[in-house]
Every structure is written in structure tokens, then in C-alpha cells.
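This report concerns only the one structure given below.
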Amino acid sequence: MKRIIMITLMTLTLLYALEVSEAVGFTGFKPHLQINYTTNEYILSWPRLLYPAYYEVEALSIPPVDDRNQADNSQRIVSYRTWKNQLSIDDNFPFHTYWRVSAQTLFHKPLGKYSNHINLTEASGRLAEKFDQVKPVPTSFYPVNAPASIRPMLTWSVVPGAVYYELEFLTTVPENPNDVFPSKNQLRLTREVFTNGYNADLSWFEENRIFWRVRALNQKGNPLGVFSNATEICIDRTIIPVTKPLVNNRHKPAPLPTPLYPAYAWIPVFGAVSYEIELMNQPPENPNGIEPSSYRIWSKIVTGLNDCYDDQPRIIPGKYYWRVRGIDVGGNPVGGYSDTAEFTVDLTRGQYAAAFGDSITHGGGAISYSPADTDYNYQTYLHFPAVNLGKSGDTSEAMLARFDHDVLPFKPKYLIILGGTNSLRGGVPSTQVITELAAIRDKCLTNGIRPIFLTLPPVNPGNIDEVFKEETVSNWREEFDAVNNFIRRERYFIDLEPHFTDGNRELPDHFAIDGLHPDIEAKKLMAQIINAHWTRVVR
């Protein structure tokens, strides 16, 4: 036994001497990191060190300060360890992340230096798309053998981050494809398009052949990319125009459970100034009819919108069916109801975890997107199942008031809690918000639920005022700090705030156009931070 111990000590001493030896050169070792993109994942690779070592790959929210020290928790999103000299990560990671790798041994962490850091966007080539490669893709076609009426429904792929779109009608193909400037062949132009579809009225056009193309715009009206390829529309004036809205279930991944408060989205129809949404507990007996269904259990009228937030929690298990119809200025139906869409409520989907909060939890972003666009919901990117119990507009007081009715039926084992932003920015003192969050915590513990708090990301008052014309109290930073300090003293919490703060301690534009609701990049980042800490908080 003594001999084994002695040999082990001698071996460890020799290895340590090798690692610190300038002659061997390990102290100057610095891996060269590369990133390649394949289908739905990134492959990070680096040269293997000719010495027994494992590798640690760090994902950071900001560029590292130096190449010798490990990043602290306010910078590091997640780290991975591997004995291989490559690592695969899925493309649900946000673009604005920085990656580096180091060799690690029993004695040195790191052995030598960290690699050069690489920004995911710049390095992959796939996401750092050239401006002229960002373009919508038409998804509706009206060739000679399948012509359109004088009011065709035009649809195209969603451009992430687009607030609205510009649609151009032309006499023939444009002389400037893949451009941002109007064509010399332009007949008409419209910017009144706030979703990825448009019911065009071509009754003014006398010919039977016309072209169209579309491009995405940001909140200031500047292009996010170039026009789509021009697409021909062949017109048959004998065809009766469609008068029903088009249900727009964008990016609805099947594995996601239905949110407690669903959102409904559609492509508007010509002539409608408002819309009536109808929810049923059976398929309608009059598909595409004008009259309401006898199975109606809820309805709502919204004006000038292409989506609707359900104001009632859908908590009774079973299948639900919804449809929408347009209403004109006189209050009359423009035409029949849309085709019927359906969703299922299954309380067992929330037995593992649930997300509880306001609009940041509920979803949506980039001004024009609602929770129906699941790319803007952070639950989409979690590595575990979690039902969405968020409700847009909630204060911490409202969350506390609806806890028993909205949370307890799901019996979640873990409840992710993010709330208080609306209260604080509206002037509710942090002491009251803390009291209400503590009461939510106590209700969780009483009912056998583990409360897992998320710290509050900052806001950007200037952007909030520009988009919503709403003021934010002047002392919001101090009030947010007080609530976040309370959360950091809780037994189970995940710290989001440091990863979303710029030099002014505000929410950067690239995370939230409107200064309040995190966009896709930020939702991905939220999820990856939660994923990285999940094992710790459920241990």
C-alpha cells in the first residue's frame, strides 16, 4: 500500500512539474477555437493538447476581459466539459454570445490560456447574414392554372424582428432584384402590413397579370433586408373573393403545452375594421358560416388588430376550437368565419414545471408579435417541459391574486417566477412588490411547490416611451435593485439581470426593441441561463 501511495505521489509531482515547466511549454498553450455550422447545430472544435487534459468551453454574454482567468457568474451563461476536442451545441443559443475553450487538468484551470473568443454571429457565417440575404419568402402563389380573385390573400415567411412590412405591386419583374429601393415598374406601395400576410384589393388594376414583392421594416421604417423575389399573380375576375380571415398559427411547435391564457392570430381580411373571435368546446356546426356557433363558450371583439389575447384562463381539460370573422364599419360581418383551429388543455403537462409571470413570461415581442408567435416565448427554448402560466399586463399584486386559481390546478413540482416589472416601473414601491413575491413564495411552499425566482431584467425607459407613450418612474433602477437583492437572498433563484444590462444599466436595443418585452435573442438567452442553472435549483 505504501508503495502504491509513493508511486502515486511521485506521478502527481512529475505531472505538476511538467505543467509548470517553461521548457515543456504548457504554460503558453492557447487553443485555437473554430466554429462550423451544420443542420440545426454549431460544431466548436480546437486542436487537442498532447497531454492528458479535459476541456472547458465557456459561453459568455460579454467579451472576456483577458485570456488567463475564468469569467465570473455575471458574464458566464454556461460552461461545458469534455475530453474530446470538439463540442456540438444547438442553434437555440442566442447570436450575441461569446465562446472560448481552455485545457483543464488536476492542477491547472486553465492549463495555459483560454482560446481566442469567438462571437457566434460573426464566426458561424450563417447567422451573420449579409443584408441582401435577409428577405421574405412568398408562400402563396396564383399561376395561370390556379388564378386569384381580385382580392388575393398574399402570404410570406416571417422575418424575425420585423415590426411591419412594405408591399410593392409591379407591372412586371423589377429591374432591381435583391434591392431596398422601389422599382421603376412599381404601380402601388403599401406599408399598412403588420403581419406576414395581406389581403390585397386589386379591383383598381385593369390587367389580368401583376407582380408583387415584400420586404421587412423595423420600428423606424428602415429595411431589415431586401425585397422578396417578385411573384406573379394571375387574376380571374369571375372568381368570388375570399371574405374570411386566415388563421395564422406561426411557428407552433407540437411539443409545447398550450399557454394558460392563449393568444389567437390571423391574417386580416379586406373591408374589416374589427374582428370577433369565437371559442367553442365543440367543432362549429356551421363551418365558415356567418352566424355564431351554438357551441360558443367565449367571444371577444378587437379593433384594428391581427391578434387577440384570451382574458380567461383555459384551465378545464379538453379540446377547444376557435375561429375569427371580420366586421365592417357598420358592425356587420364582412364574410364568414375563418377555418377552425384547435388546441388542447392538458393539466398533466404542467406537473413538472410551470412559468408564472407577466408579459415577459407570457411571450411576444418586437412590438408586432404576440404569445401566439412561440419564437418569442422563452419556454420554447427550455430543455425541460414547462407550461406557460404568464398573463400579459400582470402586476405582482395580480399574480398573487390569481395564484390559487391559475397555478394550483396544474400541481407543478417547480414554479419559475418572474414578476414585479409592471409594478415597479409604474411607481409601486419595492417594499410592496417584495411583500407580494414573498406571499407567492409562501403559497408555493404551503402547497409543496418549489419556488424558483428569476431576477428582473432592466428596462429601457426611452424606448418604452417611444413605443408605448408610457413614462417610467425616475428611481426605477433603485427599486429594481431592491427587488433583485431580495430575490438573490432566496434559496432558489436564477440571476438573469447581469446578462441583460448595458453600460447605462438599461435593457439594450438588441434585446428589446420596445424597451420592455425581450425579443427572440433575449428569450433564447433567458432560456439558456435557466437551462444552465436548472440542475442546481432542482437538486
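Observations, loosely collected:
- Contact map, segment 93-109: first residue at negative phi, second residue β-branched (Val, Ile, Thr) and at pLDDT below 80, Cβ cut-off under 6 Å, separation 6 or more or different chains; pairs are PHE95/THR121.
- Answer from THR395, THR340 - the residue that is of a type in the set (Val, Ile, Thr) and either over 30 Å from PRO284 (Cα atoms) or within 24 Å of the chain's Cα centre (by Cα) (or both): THR395
- If you go through segment 493-539 and keep only what is among the aromatic types (Phe, Trp, Tyr) and under 17 Å from PHE356 (Cα atoms), you end up with PHE493, TRP534.
- The C-beta contact set for segment 525-539 (first residue touching a residue at least 60 places away in the same chain (Cβ under 8 Å), second residue part of a helix (DSSP H, G or I) and not aliphatic (A, V, I, L, M), distance under 6 angstrom, 6+ apart or interchain) comprises MET526/TYR378; ALA527/TYR378; ALA527/TYR381.
- Here the helices (runs of 4 or more DSSP H) wholly within segment 386-458 that include at least 3 residues being hydroxyl-bearing (Ser, Thr, Tyr) are 430-446.
- Among residues of segment 172-192 that are within 20 Å of ARG209 (Cα to Cα) and among the acidic types (Asp, Glu), those with a Cβ under 7 angstrom from a residue that is assigned to a loop (DSSP other than H, G, I, E, B) and modelled with pLDDT of 90 or more, sequence gap 6+ or separate chain, pair up as GLU175/SER183; GLU175/LYS184; GLU175/ASN185.
For every residue, the table says whether it meets (1) within 29 Å of TYR198 (Cβ to Cβ); (2) crowded, with 22+ Cβ neighbours inside 10 Å; (3) not charged (D, E, K, R).
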| position | (1), (2), (3) |
| --- | --- |
| GLY271 | yes, no, yes |
| GLU278 | yes, yes, no |
| ASP339 | yes, no, no |
| VAL345 | no, no, yes |
| GLY357 | no, yes, yes |
| ILE367 | yes, no, yes |
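To keep it simple, each residue is scored yes or no on (1) assigned by TED's automatic domain parsing to the domain that holds HIS533; (2) outside any strand (DSSP E or B); (3) surrounded by 15 or more Cβ atoms within 10 Å (Cβ to Cβ).
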site	(1), (2), (3)
LEU50	no, yes, no
GLU56	no, no, yes
PRO64	no, yes, yes
HIS96	no, yes, yes
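- Considering segment 270-297, and only residues there that are in contact with a Phe, Trp or Tyr (Cβ under 9 Å, 6 or more places away or on another chain) and outside any loop (DSSP other than H, G, I, E, B), the residue that is farthest from SER203 (Cα to Cα) turns out to be ILE297.
- Looking across segment 462-471, the residues that are closer than 17 Å to GLY393 by Cα and either buried (at least 20 other Cβ atoms within 10 Å of the Cβ) or acidic (Asp, Glu) (or both) come down to ILE464, ASP465, GLU470, GLU471.
- Residue match in segment 350-357 (condition: touching a residue at least 40 places away in the same chain (Cβ under 8 Å) and farther than 25 Å from PRO451 by Cβ): no
The values are calculated or read from the model by the stated rules, or taken from the named source; none is laboratory data. Just so you know, these numbers come straight off a predicted model, no measurement behind them. No Cβ is skipped: glycine too gets one built from the backbone with ideal geometry, and neighbour counts run over all protein chains shown.
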